[in-house]
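Structure, as structure tokens:
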Amino acid sequence: MTITHSPGALVGPPWRIVLASVEGSAKAARNFTGEYVKFYVPDIGDGPLDDVLLVASELVTNSIRYGSEPGDSLCVALAHGPDNVTIEVHDTRRRRPHLKPESVERNRGRGLFIVDALATWGVRDRPFGKIVWAVVKW
């Protein structure tokens, strides 16, 4: 899949952003995704928009926790169709995400289950890392 800038998008939000691999970047990715979707898919509706924002946040959180080292950055790239939004998170590690049992002690382990429930997702390699992608349809 190749993500390209939307036609006529010179006046709208960009289609990708590079963020530091730090905890606050999940919120920044969520805000970036919200601006993009509200501009390019204005009729999306609140339910699907919430799903897209949650998936973006979970993918970035997983990238920060498991797909990068301190000092790394990650890239969030977005694309859309009439009934879907594609979210890609590019990071620096080849280690592929997988569904793990939830840990009550760590208060973690639900992220990919959430993504899996709301989207079709997968992983592909890239030089010096991987891309985790998800397509949210409505």
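Here are some notes:
- Along the chain, the exposed loop sites are trypsin sites (Lys or Arg not before Pro) outside DSSP states H, G, I, E and B with at most 16 other Cβ atoms within 10 Å, and the longest stretch free of them is 1-92.
- Sorted largest first, extent of the range 13-87 alpha carbons per principal axis (Å): 39, 21, 16
- Carbon plus sulfur fraction of accessible area for the range 54-101, probe 1.4 Å, in percent: 52 percent
- Positive contributions from Lys and Arg (+1) and negative ones from Asp and Glu (-1), summed over other residues with Cβ under 13 Å from the Cβ of residue 53, come out at -2.
- Contour excess over end-to-end distance, with Cα ends at residue 66 and residue 138 and 0.36 nm allotted per residue: 23.0 nm
- Placed amide H near residue 80: partners under 5 Å, 5+ positions off or other chain: 86
- Average accessible area per residue (Å²) across the chain - probe 1.4 Å, nucleic acids and ligands excluded: 55 Å²
- Relative pair counts by distance (%), Cα atoms of the range 24-68, 10 Å bins: 30, 49, 19, 2
The values are calculated or read from the model by the stated rules, or taken from the named source; none is laboratory data. The shown structure was predicted, so the numbers you read here are calculated from the model rather than taken from an experiment. Every residue, glycine among them, receives a Cβ derived from its backbone with ideal geometry; neighbour counts consider all protein chains shown. Side chains are part of the model used for accessible areas, which takes the heavy atoms of the whole protein and leaves out ligands, DNA and RNA. Shrake-Rupley method; radii C 1.70, N 1.55, O 1.52, S 1.80 Å.
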